[in-house]
Amino acid sequence: MRSDARGDRRIRRLAAGVALALLAVRALVALEPGAALTRDHSTHVYFAQAIADGVVLYRDVYSTKTPLAALTGSVIVRGADRAGIEPVLALRVAWMLLALVPWALLTVWACLRTQSLALVALPLAALLGWNFVWSLPALGVTPKTLV
């Protein structure tokens, strides 16, 4: 009986690892480091860089969005500057990680807690195929990602 429980735990851990690997690969496929900044992303990246340079949001630059994304982005820009990393690339990678972590935690939890791994496979397949979830954070600062 105990060996069955251990085997079941191993299978669930393996499934969680495979699921995490699939999520990571999907995130890497969506990430386009050289893509041009367009539309809303360009303004959000600008606000993040401006705040990192000392500009005061809502006084020197104005956004209709709440400040969480711009302030989070400015922290990432400062860290990238100190590390010698190109800020837009750092923002894109950080935003992709911010989008990926909740999905990864939920997937691992589901793999370890559900009675049937098939209940994890279908939503995971849908998530991997749903480009919207991956395309926005892949471009950089997106306030919706933090929500």
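If one takes the longest principal axis of the Cα atoms in the chain, at what angle in degrees, from 0 to 90 and to the nearest 10, does the Cα axis of helix 87-113 lie? The angle comes out at about 20 degrees. Using a probe radius of 1.4 angstrom, the carbon and sulfur fraction of the accessible surface of the chain is 65%. With respect to the chain, whose longest principal axis is taken over its alpha-carbon atoms, helix 2-30 is tilted by about 30°.
Compared with the dominant principal axis of the Cα atoms in the chain, helix 68-83 is inclined by about 90°. Segment ASP81..LEU106, full-extension length gain: 5.8 nm, with 0.36 nm per residue of separation and the alpha-carbon distance subtracted.
Counting only protein heavy atoms and using a 1.4 Å probe, the accessible area of LEU117 comes to about 60 Å². From most to least packed by mean Cβ count within 10 Å, the peptides 72-78, 15-21 give 72-78, 15-21.
Peptide packing for 92-100, 39-47 was compared via the average number of neighbouring C-beta atoms within 10 Å per residue; ordered from the highest value, the list is 92-100, 39-47.
For SER63, SER116, the ranking by accessible surface with the largest value first comes to SER116, SER63, using a 1.4 Å probe.
Between SER63 and ARG10, full extension at 0.36 nm per residue minus the direct alpha carbon distance yields a gain of 14.2 nm. Residue ranking by accessible heavy-atom surface, 1.4 Å probe, largest first, among TRP103, TRP130 comes out as TRP130, TRP103.
The values are calculated or read from the model by the stated rules, or taken from the named source; none is laboratory data. None of the values given here were measured: they were computed from a predicted structure. Ideal geometry is used to build each Cβ from the backbone, glycine not excepted, and the neighbour counts take in all protein chains shown. For the accessible areas, the whole protein counts, side chains as well, though only heavy atoms, and no ligand, DNA or RNA atoms are used. Shrake-Rupley method; radii C 1.70, N 1.55, O 1.52, S 1.80 Å.
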